[in-house]
Each structure stands twice: as structure tokens, then as C-alpha cells.
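Worksheet: the structure to be examined is printed underneath.
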Amino acid sequence: MAQVIGFIGLGIMGRPMARNLIKAGYPLVVHNRSRGAVDELAGAGAKAASSPKDVAAQCDVLITMLPNSPDVELVALGRDGIIEGGRSGLVFIDMSTISPIISQKVCAALAAKVVRMLDAPVSGGEQGAVDAALSIMVGGDQALFDAMLPIFQAMGKTITLLGPLGAGGFTKLANQIIVAVNLTALAEALTLARKAGLDRELTLTALGGGLAGSKCLEQKKPNYLANTYNPGFKIDLHYKDLGLIMDAARALGVPLPATAVVQELFNALRVKGRGGLDHSGIVTLLEDLAGISA
């Protein structure tokens, strides 16, 4: 009989990830702050739960996909949290992008209840979640990773155990540096091309065929062509990740000069009220600076 999976956090990423688990045949128990997403998943065959504690009491494996470190800490260790409902043998997989230090704190607290944990943040954006093509970066015990691999395979294609708990989180922070800097470079390049009067579609085709090609260019091309930036991953969330990155860099003594500049550009977008745009929407800020009207 398939393991019962609990899933908490049914946002842009969590909802399609949960749907893919249902498609793979796993019984699913779900919880979310807003009821609409819960009702949608219930309509697809999931069972609704009233709290993280309620989810933990009903499942063998519990997955969270939440916005930030305080959210994970509250859901895991707070009132009516996982720690109150989790029984011995429960496996907790946090797939959020949070501070690896908080991941380690949560793991230590849950270990007292004999709840084992993996940190497993993802990359691939909304489309990767929909297509079950995510890159999943895992930290934790090898044997536990091996046991959870079929669950990961229902949601992703590139699944890598990086080391002990927290290693997944540090790898995701490295990933977010590359994505943020890449999107900023794309924004600068496309703004230059637009100011020079070049056709955007032809420009993207030419750039994508050479060394400048990237997953970012490929996935975000429809946004650039339509000049609309509906969120697959919000600027607000990437700005949060940039904060985690800079905190980690300071703690480890790693200078990140390019990332620091990009963080301020993302901050400027938020000041302009554009934090809800997709992170490829950084091009709108560069166009503003170049005097290009929408």
C-alpha cells in the first residue's frame, strides 16, 4: 500500500507538486492557510486537514512548501504544529527555500519525537513543478534519501543528495545566485537591444542559440515576448532568497559583489510596487533606467 503523504503549502509551486503526487497514486492529506487551494486539491482526490498537527497525525511522510524560514519553523514547531501531531517514524521533507540553519534547528527539535527529516529545496519554477521536472536538492541521511526517492521522482527529474541536512539548502542558495544574476544580465542585454531598435524575438532566438543561451532565457522567453510578467516565481520571494544568500555569505566569509548589486535592484523593484511580478520582470526596472516606456 502506498505511503500516505501530507502536503502543507499549496502556493504557485506547492499546488502542482501536490497534484503530481496524486497522479503518481499517493494518498494525500493537505493543509494551506487559504481554503481555495485545499478545496481544489480535495476535488482532485486529496483529503483536507485542519492544521499541521492534523496532517502529521494522518501521514507517513509530510512535505512542506512554504515561503520563508519563520513559516517553516511555525508549522513544524509552533502551536498545532507538526511536532504535536508527528509520531515516531514520521518523515518530514521540507522543500521550501529557507535558512539551512533553521533547517538544522527544526531537525534537531523533531528528532526528539523520532521524526526524521530531509531538506529538499527545488528549482525549476512553476512550469517545472507542473511538468514534474524540478531539480530537487537534498540534504540528509543516504538511507532515508533512498527510501524517499520514489516520492521525489513523482515531482522532479534531477534529484541529488548533496550531503548532510542543510546541504540541500546551501545548494539552493547557490542556485538562486545564478538565476538572479542571469535574469539581471538578460534584462540588461534585452534593454540594450530594445534601445538599439532590435526585434526582441529575433534577439532572443540569436542569443539562445549561442553561449548566452540558458534555462532562464528558454523558460522566460514568453514573458519577454508578451512583455507581461505574471509570477512563476515572484520578485518578493527571490528578494527573500537573496537575503538568505547574503546572510549565509557573511557567516561563511564569502564576498558576493555581483549578488549584492542584484539584491539592491530587486529591492528597487519592490519599492516600485512590483514585488508581485515574476522575477524576469527585473527587465522593467532596467527599461525604466534607460528611459524606455512600456
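Long-range amide H contacts for Phe7: which residues qualify at under 5 Å (H placed 1.01 Å from N, peptide plane, sequence gap of 5 or more or a different chain)?
The list, which skips near neighbours in sequence, is Val29, Val30, His31, Ile63.
Which one of Ala251, Ala111, Ala24 has the biggest mean-square fluctuation once the chain is modelled by GNM with Cα springs under 10 Å?
Ala251
Can you tell me what share of the DSSP beta bridges in the chain is antiparallel? A percent to the nearest 5 is fine.
On the way: 4 of 28 bridges.
In the chain, approximately 15 percent of DSSP beta bridges are antiparallel ones.
Compute a Gaussian network model of the chain, connecting alpha carbons closer than 10 Å, and tell me which residue from Ile235, Ile245, Ile178 fluctuates the most.
Ile178
Which helices pass in the chain if a helix is a full DSSP H run, must span at least 24 angstrom along its long axis by Cα, and must have mean Kyte-Doolittle hydropathy not below 0.5? Write out the running numbers ahead of the final one.
Working: long enough: 167-195 (42 Å, 0.78); 235-252 (25 Å, 0.43).
Helices passing the filter in the chain: 167-195.
Between the alpha-carbon centers of segment 241-294 and segment 38-60, tell me the distance in whole angstrom.
Result: 36 Å between the Cα centres.
Can you compute the FRET efficiency between Val4 and Val181 using 1/(1 + (r/R0)^6), with r the Cβ-Cβ distance and R0 = 41 Å? Round to the nearest 0.05. Kindly include the intermediate steps, with their values, before the conclusion.
On the way: r = 41 Å, r/R0 = 0.99.
Efficiency, rounded to the nearest 0.05: 0.50.
Who wins for biggest fluctuation among Gly168, Gly281, Gly213 in a Gaussian network model of the chain, springs between alpha carbons below 10 Å?
Gly213
Provide the per-residue ³J(HN,Hα) series for segment 83-90, in order, calculated from phi with Karplus coefficients 6.51, -1.76, 1.60 and θ = phi - 60°, each as a whole number of Hz, with x at glycine and proline positions.
4, 7, x, x, 10, 4, x, 4
Compute the length gained on full extension between Val114 and Gln153: take 0.36 nm times their separation in residues and subtract their Cα-Cα distance, giving the result in nm to one decimal.
Using 0.36 nm per residue and subtracting the Cα-Cα distance, I get 11.5 nm.
Add -39500 (n - 2.57) for each DSSP H run of 4 or more in the chain, then divide by its residues: what number comes out at 222 nm, to the nearest 500 deg cm²/dmol?
Numbers: 14 runs with 160 residues, N = 294.
Dividing the helical sum by the residues of the chain leaves -16500 deg cm²/dmol.
Per residue, how much accessible surface does segment 171-269 expose to a 1.4 Å probe? Answer in Å², no decimals.
Values: 5010 Å² over 99 residues.
Here the per-residue accessible area is 51 Å².
Could you list, in their original order, any pairs among Lys172/Lys195; Lys105/Lys215; Lys113/Lys157; Lys47/Lys215; Lys53/Lys221; Lys195/Lys221 whose Cα atoms are separated by more than 30 Å?
Values: Lys172/Lys195 34 Å; Lys105/Lys215 33 Å; Lys113/Lys157 32 Å; Lys47/Lys215 35 Å; Lys53/Lys221 42 Å; Lys195/Lys221 18 Å.
Beyond 30 Å between Cα atoms: Lys172/Lys195; Lys105/Lys215; Lys113/Lys157; Lys47/Lys215; Lys53/Lys221.
What residues have an amide H closer than 5 Å to that of Gly163, excluding those fewer than 5 places away on the same chain, when H is modeled at 1.01 Å from N in the peptide plane?
Gly140
State whether segment 77-150 is rounded, prolate or oblate according to the following rule on the C-alpha gyration tensor (a ≥ b ≥ c being the square roots of its eigenvalues): a/c under 1.5 gives rounded; otherwise a/b larger than b/c gives prolate, and the remaining case gives oblate.
Verdict is prolate for segment 77-150.
For Leu173, what is the net charge nearby, where nearby means another residue's Cβ is under 13 Å from its Cβ and Lys, Arg count +1, Asp, Glu -1? Show your work: numbers first, answer last.
Numbers: positive: Lys172, Lys240, Arg250; negative: Asp119, Asp241, Asp247.
With Lys, Arg at +1 and Asp, Glu at -1, the neighbours total 0.
Would you work out what percent of the accessible area of segment 43-145, with all protein chains in place, is carbon or sulfur (probe 1.4 Å)? Spell out each step's value before the answer.
On the way: 2050 of 3790 Å².
Answer for segment 43-145: carbon and sulfur cover 54 percent of the accessible area.
Restricting to Cα pairs below 8 Å that are 6+ residues apart, what does the relative contact order work out to for the chain? Please round to a whole percent.
On the way: 526 pairs, mean separation 39.5, N = 294.
Normalised by residue count, the contact order of the chain is 13 percent.
Taking H as built 1.01 Å from N, whose amide H comes closer than 5 Å to the amide H of Gly232, not counting residues under 5 places away?
Those lying under 5 Å, H to H, from Gly232 are Asp278, His279.
Using Cα-Cα distances under 8 Å and only pairs 6 or more residues apart, what relative contact order does segment 199-294 have, in percent?
Details: 68 pairs, mean separation 31.4, N = 96.
With pairs under 8 Å counted, the relative contact order is 33 percent.
Between rounded, prolate and oblate, where does segment 42-123 land on the alpha carbon gyration tensor, with a ≥ b ≥ c its root eigenvalues, rounded for a/c under 1.5, else prolate if a/b exceeds b/c?
On the way: a/c = 1.62, a/b = 1.20, b/c = 1.36.
Oblate shape, in that a/c is at least 1.5 and b/c is the bigger or equal ratio.
When a/c is below 1.5 the answer is rounded, else prolate if a/b is larger than b/c, else oblate, so apply that to segment 123-267 with a ≥ b ≥ c taken from the square roots of the Cα gyration tensor eigenvalues. Provide the component values of the computation, followed by the final result.
Details: a/c = 2.49, a/b = 1.48, b/c = 1.69.
Judged from the Cα gyration tensor, segment 123-267 comes out oblate (a/c at least 1.5, b/c at or above a/b).
The values are calculated or read from the model by the stated rules, or taken from the named source; none is laboratory data. Computed from a predicted model, the values in this text were never measured in an experiment. Note: ideal-geometry Cβ built from the backbone for every residue, glycine included; neighbour counts use all protein chains shown. Heavy atoms of the whole protein, side chains included, go into the accessibility calculation; ligands, DNA and RNA do not. Shrake-Rupley method; radii C 1.70, N 1.55, O 1.52, S 1.80 Å.
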